[in-house]
Each structure stands twice: as structure tokens, then as C-alpha cells.
Amino acid sequence: MPPRQPPSRPAGVAERSHQVVLTASFLERLDEVELFLTAADAVFAFDELLAELRSTVIPNLRRFPRIGRRYLSQPPQSAEALARLAALPAGTASALREYLHGDYLILYTEAESQAKVYLLSIRHHRQLSYDFTRLRSRA
């Protein structure tokens, strides 16, 4: 018995593309990543990150907005992190997704009804955790 083939899309039917929005908090964290890499004498890595955001990450999120894992699929264990998540507006924490790209973790959320992906934060894996207080006030 031959293997089943996935159903094909009718000709001319495109996948729904999402707009990717860089929030103020994401841009601030991107500046912090640059400072972190500069202090580590790895400025070239920041240039590579910007190129990868343009060529890989943003196109992937446009086409596959749920590519990242649910942030709460592995809930935080500390009382401080749990308290910060509880302070977010209802439903917000469950909509958070995390995209892992190389040495970087990107926190984002998808607004399916608006066909938008909001990039909320980015950090190098060696930096400290996300600052949810700042995200809530600036997203």
C-alpha cells in the first residue's frame, strides 16, 4: 500500500500570511542584546542576528505563526515568575509562545483574528529571564 500523500492545495490558493510587528519592548531588548554581545566582544554576532531575523525568523513567523512552542508548556517553577505571569491580563499568559533560534529566545504572541504576530522580547540564552513587568506596560 503506497504511503498517503497530504492533500494538496488548489492552484492559486495561498496560505494566510501574518504581519509581524516588532513591539517597543522587543526593540528595547534587541538593544540590550547588542550591548550584551558588545560586552562579550562579539559585535559580529549581532549583525548576524539582524540578518537572521530578516531572512529566517520573520518569514517563518509570517507563514507559520504557531511555529514556536507554547511558553507555558513548561511552566516556571519559581514563585516570582508565577506571580508575574498571574499579574498579566486574563488569557495573555496562555497565548505566549517562544521561538528558539540559535542562541536566541524570542517571546511572541499571535493575534489570529488580526493575522498578526507581535514580537515581545528577545534575549541571548545567557542573559537573564524575560521581564514580564516591562512587557505588560509596553506591549
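The values are calculated or read from the model by the stated rules, or taken from the named source; none is laboratory data. Only a predicted model underlies this, so the values are computations on that prediction, with no experimental measurement involved. All Cβ positions, glycine included, derive from the backbone under ideal geometry; neighbour counts span all protein chains shown.
List of remarks:
- Residue count, the stretch 61-87 (criterion: touching a residue at least 12 places away in the same chain (Cβ under 8 Å) and under 17 Å from Tyr108 (Cβ atoms)): 12
- Failed criterion for Asn60 (all others in (1) at pLDDT below 90; (2) more than 22 Å from Arg126 (Cα to Cα); (3) in contact with a strand residue (DSSP E or B) (Cβ under 9 Å, 6 or more places away or on another chain) hold): (1)
- Test: residue in the stretch 40-60 that is in a helix (DSSP H, G or I), among the basic types (Lys, Arg) and either more than 24 Å from Leu85 (Cα to Cα) or over 14 Å from the mean Cα position of the chain (by Cα) (or both): yes
- Selection count, the stretch 84-113, where residues are surrounded by 15 or more Cβ atoms within 10 Å (Cβ to Cβ) and assigned to a strand (DSSP E or B): 12
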